[in-house]
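Peer 1: Before we start, here is the structure in question, set down as structure tokens.
The values are calculated or read from the model by the stated rules, or taken from the named source; none is laboratory data. What you see is a predicted model, and the numbers here were worked out from it, not measured in a lab. A quick note on method: Cβ atoms are made from the backbone with ideal geometry, for glycine too, and the neighbour counts reach across all protein chains shown. The accessibility values were calculated without ligands, DNA or RNA, using every heavy atom of the protein model including side chains. Shrake-Rupley method; radii C 1.70, N 1.55, O 1.52, S 1.80 Å.
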Amino acid sequence: MANNFTVTKIAWSKVAAKVSEIAGKPYSAQYIRDVATGYRTNKQLAPILKDLGLTNKGVA
């Protein structure tokens with residue numbers, strides 16, 4: 001039984017730049033990562049991250 005793993009490395013600084021551009025307000029890479037993984041919540045960023053496919057189980 002072979003285990004196949006896919007590892008995706010996300011450049012959070014680039015994500016933060018894109019999200020900041022869309023939202024019109026600067027956000028840090030750490031904050032974006034926290035919202036995307038569900039550690040923090042932000043009702044403005046949740047739909048943006050969901051559209052980019054970067055939320056934990058589709059819910060931010």
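Peer 1: Based on Cβ point charges of +1 for Lys and Arg and -1 for Asp and Glu, what charge dipole magnitude is obtained for the chain about its Cα centre, in debye rounded to the nearest 20?
Peer 2: 60 debye
Peer 1: How charged is the neighbourhood of residue 17? Take every other residue with its Cβ under 15 Å from the Cβ of residue 17, and add Lys/Arg as +1 and Asp/Glu as -1.
Peer 2: Charge balance near residue 17 sits at +3.
Peer 1: Counting only protein heavy atoms and using a 1.4 Å probe, what share of the accessible area of the chain belongs to carbon plus sulfur, as a whole percent? Spell out each step's value before the answer.
Peer 2: Details: 2440 of 4630 Å².
In the chain, the share of accessible area belonging to carbon and sulfur is 53 percent.
Peer 1: Moving on. Stretched out fully, how many nm does the piece from residue 40 to residue 52 gain, at 0.36 nm a residue minus the Cα gap?
Peer 2: 2.6 nm
Peer 1: With θ taken as phi - 60° and the coefficients 6.51, -1.76 and 1.60, list the Karplus ³J(HN,Hα) couplings across the range 48-54 in order, rounded to whole Hz; mark glycine and proline as x.
Peer 2: These are the phi-based 3J(HN,Hα) values: 5, 5, 5, 4, 7, x, 10 Hz.
Peer 1: Let me ask you something else. For residue 25 and residue 11 in one chain, what is 0.36 nm times their gap in residues minus the Cα-Cα distance, to one decimal in nm?
Peer 2: Here the segment from residue 25 to residue 11 would lengthen by 3.1 nm.
Peer 1: At 1.4 Å probe size, with every protein chain present, just tell me what the per residue accessible area of the chain comes to in Å².
Peer 2: Dividing the accessible area of the chain by its residue count gives 77 Å².
Peer 1: Now for a separate question. Is it possible to state the helix-based mean residue ellipticity at 222 nm for the chain, with each DSSP H run of 4+ residues giving -39500 (n - 2.57), the sum divided by total residues, to the nearest 500 deg cm²/dmol? What is it?
Peer 2: On the way: 3 runs with 29 residues, N = 60.
Value at 222 nm, helices only, nearest 500: -14000 deg cm²/dmol.
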